[in-house]
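Chemist: Sharing a structure, written as structure tokens. Questions coming.
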Amino acid sequence: MTLVVGSYHTVRFLNIATHINRLRTYIRKQNQTSVLVDCIESSEFVSKISSTHIYNLYSGTGPMIFITSLLFYPLTNDEIILLVGTSLGLFIINHRQQTPIQLAFPKSIWTASEYIESLRLINYQSTRLIAMNILYLDQIYCFDLDKSLREQQLHICFTLSNPFRQIPTKLGVYSTDNLFECIVGSNHRSFYYHRIDSSSKHQSEIVWPQTESCPLPYILSTCLNKQYLCLTTNNNLICIYKRQ
């Protein structure tokens, strides 16, 4: 059982099996009325979590790299790679290779740093896509990652117009085989909603509801599923919408 953590320019794979087993033991003993205390053998428990793999994305030259988003991507039933979004583009980590691979952006996308804010996996029309929002760009990009891995360069399938997005904000998506929805905040204190299905494409800007006691906030992250939409803001508000 592995936990992956990204810190600055380093990705660590942590072995948390011992910690999970200890937690399960504690829960099991709490359900036994005859046991009054947690009697796990603490003398045999090591609190420090060991790293099974460590990957350094910074070569020591050029601008410093900061990790912004991590996403596991299943290539096959037996092989899973890790996508690492950073302030300098997209890296791929595969246990079969010692060195992370950086996938080049198409020449049609040019930014000073290619600062990736977030990555999201989409299963849409039997194709596995990666939705990516890049800071300071007015488009949400959707890539065919299977093709991108073969060609060692990101392959754009389609883009979603998303103006007025000059602040860091995390992308939220919900997808089925026939439907793809995307939400991301903007610097107009609003968020953009995109809906694509087999017959239509819809885009709208939704303004955060204003109250007398609280000014309009910036939306920092979004999350949605079939029932709910959740938004977090820069003034410690969390808004949960019940979808109709």
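Chemist: With a Förster radius of 25 Å, plug the Cβ-Cβ distance of Arg28 and Thr2 into 1/(1 + (r/R0)^6) and report the FRET value to the nearest 0.05.
Modeler: 0.65
Chemist: I need to check one value: relative contact order of the stretch 86-141, counting alpha carbon pairs closer than 8 Å and at least 6 residues apart, in percent.
Modeler: 27 percent
Chemist: Which entries of Lys29/Lys170; Lys170/Lys201; Lys147/Lys226; Lys147/Lys242; Lys147/Lys170; Lys29/Lys242 have Cα-Cα distances beyond 32 Å here?
Modeler: Lys29/Lys170; Lys147/Lys242; Lys29/Lys242
Chemist: In addition: With every protein chain kept in place and ligands, DNA and RNA left out, what is the accessible area per residue of the chain? Probe 1.4 Å, answer in Å².
Modeler: 58 Å²
Chemist: Need one number: nm distance between label points at Ile80 and Ile20, each 7 Å from Cα along Cα→Cβ, rounded to one decimal.
Modeler: 0.9 nm
Chemist: Match the structure shown to one of the listed values (i) 53, 30, 15; (ii) 34, 27, 19; (iii) 42, 18, 14 of semi-axes √(5λ) of the Cα gyration tensor in Å, computed from it, and give that label.
Modeler: Computing semi-axes √(5λ) of the Cα gyration tensor in Å and matching it to (i) 53, 30, 15; (ii) 34, 27, 19; (iii) 42, 18, 14 gives (ii).
Chemist: I'd like the orientation of helix 17-30 relative to the chain: the angle between its Cα long axis and the longest Cα principal axis, in ° from 0 to 90, rounded to 10.
Modeler: 70 degrees
Chemist: Carbon and sulfur: what percent of the stretch 99-244's accessible surface (1.4 Å probe)?
Modeler: Answer for the stretch 99-244: carbon and sulfur cover 50 percent of the accessible area.
Chemist: Taking only C-alpha pairs under 8 Å that are 6+ residues apart, what is the relative contact order of the stretch 86-244 in percent?
Modeler: So the answer I get is 14 percent.
Chemist: Related question: Which loop-located trypsin sites (Lys or Arg not before Pro) does the stretch 106-193 contain, where loop means any DSSP state but H, G, I, E or B and the Cβ has at most 11 other Cβ atoms within 10 Å?
Modeler: When the trypsin sites (Lys or Arg not before Pro) of the stretch 106-193 are filtered for loop state and at most 11 Cβ neighbours within 10 Å, Lys107 remain.
Chemist: Now a separate question. Using helices alone, I'd like the mean residue ellipticity at 222 nm for the chain: each DSSP H run of four-plus residues gives -39500 (n - 2.57), total over residue count, nearest 500.
Modeler: -2500 deg cm²/dmol
Chemist: Scan the chain and report its longest stretch carrying no GluC sites (Glu not before Pro) that are both in a DSSP loop and have at most 14 other Cβ atoms within 10 Å.
Modeler: Longest run free of exposed loop sites: 80-211.
Chemist: Right, another one. Hey, in the GNM for the chain with a 10 angstrom Cα cutoff, which one of Asn162, Asn77, Asn187 fluctuates hardest?
Modeler: Checking each option, the largest mean-square fluctuation is seen for Asn77.
Chemist: Taking 0.36 nm per intervening residue step and subtracting the Cα-Cα distance, what contour gain separates Lys147 from Asn56 on full extension?
Modeler: Once the chain is fully extended between Lys147 and Asn56, it gains 30.2 nm.
Chemist: Here's another thing I want to ask about it. Largest first, how would Phe158, Phe180 line up by accessible area (1.4 Å probe)?
Modeler: Phe158, Phe180
Chemist: What FRET efficiency would be calculated for the residue pair Ala104, Gln227, taking the C-beta separation as r and a Förster radius of 35 Å, to the nearest 0.05?
Modeler: 0.35
Chemist: When the chain is fully extended, how far beyond the present Cα-Cα distance does Leu70 get from Lys242, taking 0.36 nm per residue of separation?
Modeler: 59.1 nm
The values are calculated or read from the model by the stated rules, or taken from the named source; none is laboratory data. Everything numeric in this text was worked out from a predicted model, so none of it was measured. Methodologically, a virtual Cβ is constructed for each residue, glycine included, from the backbone with ideal geometry; neighbour enumeration extends over all protein chains shown. Heavy atoms of the whole protein, side chains included, go into the accessibility calculation; ligands, DNA and RNA do not. Shrake-Rupley method; radii C 1.70, N 1.55, O 1.52, S 1.80 Å.
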